[in-house]
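The values are calculated or read from the model by the stated rules, or taken from the named source; none is laboratory data. From a predicted model like this one, the values you see are computed outputs, not experimental measurements. Every residue, glycine among them, receives a Cβ derived from its backbone with ideal geometry; neighbour counts consider all protein chains shown. In case anyone asks, the SASA skips ligands and DNA or RNA and just uses the protein heavy atoms, side chains included. Shrake-Rupley method; radii C 1.70, N 1.55, O 1.52, S 1.80 Å.
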Amino acid sequence: MARSTVHIAALIAASLAFVPGARAEGLVPYKIISDGIPESLTGSPGDAVRGRALVLARTTTCILCHSGPFPETRFQGDLAPDLTGAGNRWSVGQLRLRLVDASHFNPETIMPSYYRADGLVRVGRNFAGKPILSATEIEDIVAYLATLRD
Amino acid sequence: MSFWRAIAVVAFLVTVPGLLAGEIPSDARRSGYSFMGPETRAIQDDDTSNPGMLFVLDGEALWAKKTGSAGKACADCHGDARNSMKGIAARYPAFDKTLGRPVTLDQRINLCRADHQQATPLPYESRDLLALSAFVAQQSRGVAITAGDDPQAKPFVEQGRNLFMQREGQLNLACTNCHDDNFDKHLAGAPITQAQPTGYPLYRLEWQTLGSLERRLRSCMAGVRAQAYDYGAPELVALELYLMSRARGMPMETPAVRP
């Protein structure tokens with residue numbers, strides 16, 4: 001009896017961990033364990049070279065707010081911490097969760113949740129129902145951020 | 001939050017009437033001008049180099065030109081704009097009793113065209129509309145903003161404030177996140193200002209033309225990947241009204257120049 005209660009509690013906890021954001025069509029479900037998402041969203045590791053290019057791309061929006069070790073561009077933001085050393089400060093799972101849903105760490109954050117497509121207000125016609133980044137793009141960026149060691 | 005901290009926060013909110021956390025105290029408000037580099041300031045400071053003045057001159061000509069089937073010019077009703085229009089733009093958007101809602105200066109000009117000149121409305125952002133509103137607003141240069149003082153405008157100011165505070169778009173950001181909380185910082189290298197609407201319509205070097213406050217608001221909305229309100233939409237007017245009331249007492253500087 002006691003054992004099955006524990007079992008049910010574990011099941012509920014596990015299903016709650018599948019964040020509602022991931023329910024929207026086309027988003028792969030992910031599991032938050034403590035303060036990270038340990039498993040790759042795509043099931044395979046990302047490409048750090050592509051990830052660096054993505055972080056620098058204006059459409060990805062990262063360097064609107066962040067600066068980092070990017071000597072080739074003057075147009076970097078200062079609304080957010082410099083990304084240099086991010087790979088020392090955070091585990092891969094934490095970096096992944098931060099990209100997927102930064103509000104998990106700080107509910108008031110201005111950093112957008114990059115893998116979320118519902119619960120938003122007045123999303124532009126061209127963007128409605130889509131996350132800012134695809135699962136593959138998230139994995140590429142996570143792979144790149146993990147290489148940022150002082 | 002600790003008990004004492006909570007008390008301190010409440011005390012702060014009580015001693016600063018009407019000011020929400022994050023809002024800019026009135027003595028700390030700054031025009032977008034103060035965020036610009038010396039070159040851009042120099043363009044605004046000198047009327048002979050300010051490209052906005054070309055629109056003002058066009059507007060002056062249109063003011064005196066008879067138009068519409070009534071065959072009347074603005075000047076036929078209002079006379080010399082230097083007197084009749086002084087301080088008017090500093091009160092806009094203004095509550096219109098007939099319509100029961102606030103109207104922008106652009107909308108007022110089109111109401112005058114419809115009601116008094118029997119002329120077709122000028123499209124939003126058209127050269128003629130911008131020229132007329134720049135000419136009218138220039139008569140308020142240096143005049144302190146009072147828009148939103150009318151008690152009937154208050155609910156619309158409040159609506160605008162709520163819109164200003166509302167996160168929106170795929171990037172899920174509110175106006176206040178940038179313009180109250182992060183002015184003086186840089187978005188991809190460009191300075192963020194307090195979004196004080198003191199200089200509209202204004203010449204934006206990036207646009208290579210004069211543009212309205214609504215154009216600016218719509219591009220900020222597009223920037224956070226939100227669906228921008230149509231020109232003249234009540235929400236946009238409410239936002240404009242809130243911005244003006246937030247800039248209460250600041251001097252008008254139309255036609256301003258911005259990067």
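Before moving on, here are some points about what is shown:
- Exceeding the 31 Å Cα-Cα cut-off - candidates B:Lys65/B:Lys86; A:Lys130/B:Lys154; A:Lys130/B:Lys185: A:Lys130/B:Lys154
- Heavy-atom SASA rank of B:Met165, B:Met244 (probe 1.4 Å, accessible area, largest first): B:Met165, B:Met244
- Exposure rank, largest accessible area first [B:His179, B:His186, B:His116; 1.4 Å]: B:His116, B:His186, B:His179
- Label-point separation in nm, A:Ala53 to B:Lys86, each point 7 Å along Cα→Cβ: 6.3 nm
- Relative to the current alpha-carbon distance between B:Asp184 and B:Ala61, full extension at 0.36 nm per residue lengthens the span by 40.4 nm.
- Per-residue average of Cβ from other chains inside 10 Å of A:124-132: 4
- For B:220-228, mean number of other protein chain Cβ atoms within 10 Å: 4
- Listed residue (B:Tyr33, B:Leu171, B:Thr48) projecting farthest to the positive dipole end of region B:33-259, Cβ model: B:Leu171
- Shape class of the protein assembly as shown from the Cα gyration tensor (axes a ≥ b ≥ c, square roots of the eigenvalues): prolate, since a/c reaches 1.5 or more and a/b is larger than b/c.
- Figure legend: label point modelled 7 angstrom from the Cα of B:Ala75 along Cα→Cβ; residues of region B:119-138 with amide N under 15 Å from it are B:132, B:135-136.
- Amide proton proximity set for B:Ala226, modelled H, under 5 Å, gap of 5+: A:Gly124, B:Gln170
- Rolled with a 1.4 Å probe across the full set of protein chains, the surface gives B:Arg127 an accessible area near 110 Å².
- Charge tally for B:Gly189 (other residues, Cβ to Cβ under 15 Å; Lys, Arg +1; Asp, Glu -1): -2.
- In the protein assembly as shown, taking the dipole from charged Cβ atoms about the Cα centre, the farthest positive-side position among B:Pro201, A:Gly26, B:Pro259 is held by A:Gly26.
- Beta bridges assigned by DSSP with both partners in region B:33-259 are antiparallel in approximately 80 percent of cases.
- Estimated dipole of the protein assembly as shown in Debye, rounded to 20 [Cβ of Lys and Arg +1, of Asp and Glu -1, Cα centre]: 460 debye
- Candidate residues B:Phe135, B:Phe156: accessible-area rank, largest first, probe 1.4 Å: B:Phe156, B:Phe135
- Centroid-to-centroid, using Cα positions, region B:80-100 and region B:185-204 are 25 Å apart.
- About the Cα centre, charge dipole magnitude for region B:49-184 (Lys/Arg +1, Asp/Glu -1 at Cβ), debye: 440 debye
- Computed accessible area, A:Ile63, all protein chains, 1.4 angstrom probe, square angstrom: 10 Å²
- B:Arg246 accessible area, assembled protein chains, probe 1.4 Å, Å²: 30 Å²
- Taking every residue in B:68-80 and counting other chain Cβ atoms within 10 Å of its Cβ, the average works out to 0.
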